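The structure is given below, and queries will be raised subsequently.
The values are calculated or read from the model by the stated rules, or taken from the named source; none is laboratory data. Because the structure is a prediction, the values reported are computed rather than measured. Here the Cβ positions follow ideal geometry from the backbone for every residue, glycine too, while neighbour counts run over all protein chains shown. Just the protein is used for accessible areas: all its heavy atoms, side chains included, with ligands, DNA and RNA removed. Shrake-Rupley method; radii C 1.70, N 1.55, O 1.52, S 1.80 Å.
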Amino acid sequence: MSQKIEAIESLRGIGALMVLVDHLLCTFYPSMFFAGRKLHFGYEDAIRDSPVHLLYNGVFAVCLFFSLSGYVLSHKYFTTRDAETVRRSAYKRYFRLMVPVFAAVMISFLVGSFGLYHHMEIVAITGSLGWLDTLFQFPHGDIFGAIYSGLFGVFFSMDNRYNGALWTMNTELQGSFLIYGFLLFFGDRWERIFAYIVGFLLFKDGYMISFLAGMALCDLNTTLKYRVPEPICISITIVGLWIAAVPYDVNGLLSLIGLNIGAQYLNLILGSILVLGGVAFSPFLNKLLSNSFMVWMGKLSFSVYVVHMIIIGSYSCITFSLLNQMVSYNVAAMATITSSIILVYLFATYFYRWFDLGGQHLSKVLYETSYNQVSLVVKKTYTAILVWI
């Protein structure tokens, strides 16, 4: 893996940690997210309304994930200009995602079936209404429902009852195939500049714009011969972080020049795109983010993302409930948060070996054993349809 891609994947690792911290703080310090909730140390409101909240802004991390996917999924094509790499990646994509997602759903099903989710017991203590009390609302004992959810429901109907974080998988799969389709139709044609413009206009109201922007940045980065000066790259990164950290009405500002973009989190989407662009074009930031620890975090990022809610709903809530009876609220909460982060990464290490790598292996085996046959069937079907028409 090149240093540039290692740095991009390291950003994913940072994003996964942000989501983990986001959900832990949302569990034990809900006022850091929602006005009018319980205050436990008195400064939650001030932190929520300051730029510091970007450090645990899970929505910003999700926007970054989608931009990163656009960049990474298109990188091999733009460096080789080989359309076969796109078809191969598209064929493997669902199976690559499905194995770890299915494993996470089934683990959650087992944890819930054994009565190990204790999140409802601490809602009244933490005050995390409207979030903690909405999690893990699935029928215990319905194993067939869990199997269906893990194989299809998560991806095609946004079923996140077994794991709240998995709502993004539907968008991730759609965005992936948007990238593949774009590359196959417009990847090596100069007219793709117009396709980008049309794509941004069509998908300006949602997360798909992040995938397109990530792909466009990769396109620009691999074809641009001019090296962007380092100060400009770092400035772009800082501006992106600032836009995401300080709540601007970006939609309102754009409307002044006649642009109406309906994306709900436009400042976070725009900020994440700028951060990705700054890092992608900066040799200094590439090197900074390519150290072994950051690369390790990036490698575990998907596993951390799909398992952390299971740990929070079970271990974190049980541990906090016990500690809160012996020490003060804040001591119990901080001890729980710290130990939960350690446990999530420990568990994610094994989950990565068993299921994340398992998904990669399964997708590779299926490609090697069935891709040619499936391609032949598709071509024959397509030819038959053309003849019939």
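Would you mind listing the helices (runs of 4 or more DSSP H) fully within region 244-313 where at least 3 residues are surrounded by 14 or more Cβ atoms within 10 Å (Cβ to Cβ), modelled with pLDDT of 95 or more and of a type outside the set (Ser, Thr, Tyr)?
Result: 266-281, 292-311.
Still on this structure, please answer the following. Name the residue, out of Leu17, Leu73, Leu64, Leu11, that is open to solvent by 40 Å² or more (accessible area, probe 1.4 Å), closer than 25 Å to Phe284 by Cα and either in contact (Cβ under 8 Å) with a residue 40 or more places away in the chain or aliphatic (A, V, I, L, M) (or both).
None of the others qualify; the one that does is Leu17.
Here is a follow-up. Contact list please: Cβ distance under 6 Å, first residue in region 315-334 and farther than 26 Å from Ser108 by Cβ, second residue open to solvent by 50 Å² or more (accessible area, probe 1.4 Å), pairs at least six apart or on different chains.
Asn330/Phe41
Among the residues of region 13-22, is there at least one that is modelled with pLDDT under 90 and of a type in the set (D, E, K, R)?
So far as region 13-22 goes, no, none of its residues is modelled with pLDDT under 90 and of a type in the set (D, E, K, R).
Where the second residue is charged (D, E, K, R) and open to solvent by less than 60 Å² (accessible area, probe 1.4 Å) and the first is farther than 19 Å from Phe182 by Cβ and lies in region 80-105, which pairs have Cβ atoms under 6 Å and are six or more apart or on separate chains?
Every condition considered, the pairs that remain are Pro100/Asp356.
Which pairs do you get when a residue that is within 10 Å of Tyr71 (Cα to Cα) and in a loop (DSSP other than H, G, I, E, B), found in region 216-227, comes within reach of a residue that is among the β-branched types (Val, Ile, Thr) and open to solvent by 40 Å² or more (accessible area, probe 1.4 Å), reach meaning Cβ atoms under 9 angstrom, with the pair 6+ apart or on two chains?
Short answer, once both residue conditions are applied: none.
Right, here's the next one. Tally time: how many residues in region 325-383 are within 30 Å of Phe41 (Cα to Cα), open to solvent by less than 40 Å² (accessible area, probe 1.4 Å) and either in contact with a Pro (Cβ under 6 Å, 6 or more places away or on another chain) or of a type outside the set (S, T, N, Q) (or both)?
Residues flagged as within 30 Å of Phe41 (Cα to Cα), open to solvent by less than 40 Å² (accessible area, probe 1.4 Å) and either in contact with a Pro (Cβ under 6 Å, 6 or more places away or on another chain) or of a type outside the set (S, T, N, Q) (or both) within region 325-383 amount to 6.
One line per residue, one yes/no per condition, for (1) surrounded by 20 or more Cβ atoms within 10 Å (Cβ to Cβ); (2) modelled with pLDDT of 95 or more; (3) among the hydroxyl-bearing types (Ser, Thr, Tyr):
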site: Pro100; (1), (2), (3): yes, yes, no
site: Gly127; (1), (2), (3): no, no, no
site: Asp133; (1), (2), (3): no, no, no
site: Pro139; (1), (2), (3): no, no, no
site: Ser149; (1), (2), (3): yes, yes, yes
site: Leu166; (1), (2), (3): yes, yes, no
site: Leu173; (1), (2), (3): no, yes, no
site: Leu184; (1), (2), (3): no, no, no
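A quick yes/no check of all residues on (1) in contact with a Phe, Trp or Tyr (Cβ under 6 Å, 6 or more places away or on another chain); (2) part of a helix (DSSP H, G or I):
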{"position": "Phe60", "(1), (2)": "no, yes"}
{"position": "Tyr71", "(1), (2)": "no, yes"}
{"position": "Arg87", "(1), (2)": "no, yes"}
{"position": "Ala90", "(1), (2)": "yes, yes"}
{"position": "Leu116", "(1), (2)": "no, no"}
{"position": "Leu129", "(1), (2)": "no, no"}
